[in-house]
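Here's the structure we're looking at; comments come further down.
The values are calculated or read from the model by the stated rules, or taken from the named source; none is laboratory data. Nothing here was measured: the structure is a model prediction, and the numbers come from that model. Positions of Cβ are generated from backbone atoms using ideal geometry, with glycine treated the same way; all protein chains shown enter the neighbour counts.
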Amino acid sequence: SRRRHTRSASVSWARRMCIRDSSQSEARDYIAAYFENFPGIRTYMDNIKTEARETGFVETLFGRRIHINGIASSNQAQRGFAERQAINAPIQGSAADIIKRAMVRLPAAMQDAGIDARMLLQVHDELIFETKDNEIEETMSIVTREMSEAHKPVINLSVDLKVEAASGKNWEQAH
């Protein structure tokens, strides 16, 4: 059932976080300590929910609007879901904007370098290319550079974007 699947996913997440057989009070303490150590996250969450309630949307770093249905709902479950969407959408949306910008720039960058690589697929935050064996290193170098700088010059981030590249005969081997 869906409920059983959700529960097992939550349990595996808790195990990865080293929270084994925790009581609800231990989980509450863990979350409280997290927000105490990173108070800016709570401020972000509160501010973005307020913004979404006032405007009905949130924006990515690039200014793309994401409308949040149900943010003013009287139904607590619907409103809670919308609030979680409002918190997540600017982050995930900005990441999507960045990878889209990289995808637009990469064909020209490959052509300028004389590389005969083809972008085959996007999977979340990954781009998959097909290239000749003797062009693998240069292809990875170009892709890494373009992806790590795709946000420029529109926005400047206070941290560098870390991009990793790997190669293999297939997607599984590249991981």
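Restricted to region 1-59, and to residues there that are aromatic (Phe, Trp, Tyr) and loosely packed, with under 13 Cβ neighbours inside 10 Å, the residue that is modelled with the lowest pLDDT is Trp13. Within region 101-139, being surrounded by 15 or more Cβ atoms within 10 Å (Cβ to Cβ), closer than 23 Å to Lys152 by Cα and in contact with a strand residue (DSSP E or B) (Cβ under 8 Å, 6 or more places away or on another chain) holds for Ala102, Met103, Leu106, Met119, Leu127, Phe129, Thr139. For region 24-68, a residue qualifies if it is aromatic (Phe, Trp, Tyr) and part of a loop (DSSP other than H, G, I, E, B), and the qualifying residues are Phe38, Phe62.
Each row is one residue, and each column tells you yes or no for (1) among the aliphatic types (A, V, I, L, M); (2) not in a loop (DSSP other than H, G, I, E, B).
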site	(1), (2)
Ile128	yes, yes
Met140	yes, yes
Thr144	no, yes
Met147	yes, yes
Lys152	no, no
Ile155	yes, no
Glu164	no, no
Lys169	no, no
